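Asker: So that we are looking at the same thing, I have put the structure below in structure tokens.
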Amino acid sequence: MSRPQHLCIRPLNVPDIAQVLGLEMQGFPSHERASALRIEYRLTVCPELCSGLFVREFDTEAVNAKELPDHSTIKKETLIGHVIGTKMVSEAITDESMLVPSSFVPGHIYPLGHQDSGRTIGIHSVVVHPDYRGKKLASLLLKDYLQKMNQQYVADNVSLLCLEKLVAFYSGVGFADKGVSACKFAGEEWHDMALTLDHDEDEEE
């Protein structure tokens, strides 16, 4: 049950695309995983809503050197979990919120995909590599993600879809089950899960 050493959670960005795609392949059946286009789009337009859990390896010679190194001592980062989201104007995940515009011009408002003016974060992917499951890493990653979204005031609500077998897990990290979703992504029956961000919790007195 012990967790791996040197865990790091940080925002995902475009250079992480290959590892994100690999993790999607490891974590989801083919009809449920996000396409390369959707991953690239989300990491391009809203990387601040995409979070990765990495295991870091360090250059031990540089770490143990008597003098301060002139470069980062991080030798490698291996992605073992991620949360990927966009912003929506709707309160629940819709088919349109998961799509990608056929063309993208920064600053233009599209009816599909990420909506920067929205006040709901739609989480489209939560996954932990199969080799690291059973260590409560998904809970760790999600709680960190929700805390950061709360503190940054980027939205008021968070929504996601999950299969019935995962309702209890998401309920355990604060989501409420809103029942069977109208969204039929991948031909599955999903539950709408919703959480309200309580910004007052982190205000200083």
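The values are calculated or read from the model by the stated rules, or taken from the named source; none is laboratory data. Quick caveat: nothing in here was measured; it's all calculated off a predicted structure. Heads up, the Cβs are rebuilt from the backbone with ideal geometry, glycines too, and the neighbour counts pull from every protein chain shown.
Asker: Within the group 165, 178, 135, which residue is in contact (Cβ under 8 Å) with a residue 40 or more places away in the chain, more than 17 Å from the chain's Cα centre (by Cα) and not in a strand (DSSP E or B)?
Answerer: Working: 165 fails: in contact (Cβ under 8 Å) with a residue 40 or more places away in the chain; 178 fails: not in a strand (DSSP E or B).
Result of the check over 165, 178, 135: 135.
Asker: Something else now. I need a count of the residues in segment 8-32 that are surrounded by 12 or more Cβ atoms within 10 Å (Cβ to Cβ) and in contact (Cβ under 8 Å) with a residue 60 or more places away in the chain.
Answerer: 11
Asker: Just name the residue that is surrounded by the most Cβ atoms within 10 Å (Cβ to Cβ) out of those in segment 33-45 that are of a type in the set (Ser, Thr, Tyr) and touching a residue at least 12 places away in the same chain (Cβ under 8 Å).
Answerer: So, considering only residues that are of a type in the set (Ser, Thr, Tyr) and touching a residue at least 12 places away in the same chain (Cβ under 8 Å), the one surrounded by the most Cβ atoms within 10 Å (Cβ to Cβ) is 41.
Asker: Then there's this: Could you please let me know if residue 180 is within 23 Å of residue 4 (Cβ to Cβ) and of a type in the set (Val, Ile, Thr)?
Answerer: On the way: within 23 Å of residue 4 (Cβ to Cβ): no; of a type in the set (Val, Ile, Thr): yes.
It is false that residue 180 is within 23 Å of residue 4 (Cβ to Cβ) and of a type in the set (Val, Ile, Thr).
Asker: Name, by its number, the condition in (1) part of a helix (DSSP H, G or I); (2) within 13 Å of the chain's Cα centre (by Cα) that does not hold for residue 159.
Answerer: For residue 159, the exception is condition (1).
Asker: Can you go through 116, 177 and tell me which one is modelled with pLDDT of 95 or more and surrounded by fewer than 16 Cβ atoms within 10 Å (Cβ to Cβ)?
Answerer: 177
Asker: Please go through segment 42-87 and pick out each residue that is of a type in the set (A, V, I, L, M, F, W, C), modelled with pLDDT of 95 or more and in a strand (DSSP E or B).
Answerer: Passing the criteria: 50, 53, 54, 55, 79, 80, 83, 84.
Asker: Kindly provide the set of residues from segment 1-29 that are under 13 Å from residue 43 (Cα atoms), of a type outside the set (S, T, N, Q) and in a helix (DSSP H, G or I), ordered by number.
Answerer: Once the filter is applied, which keeps residues that are under 13 Å from residue 43 (Cα atoms), of a type outside the set (S, T, N, Q) and in a helix (DSSP H, G or I), segment 1-29 yields 14, 15, 16, 17, 18, 20, 21.
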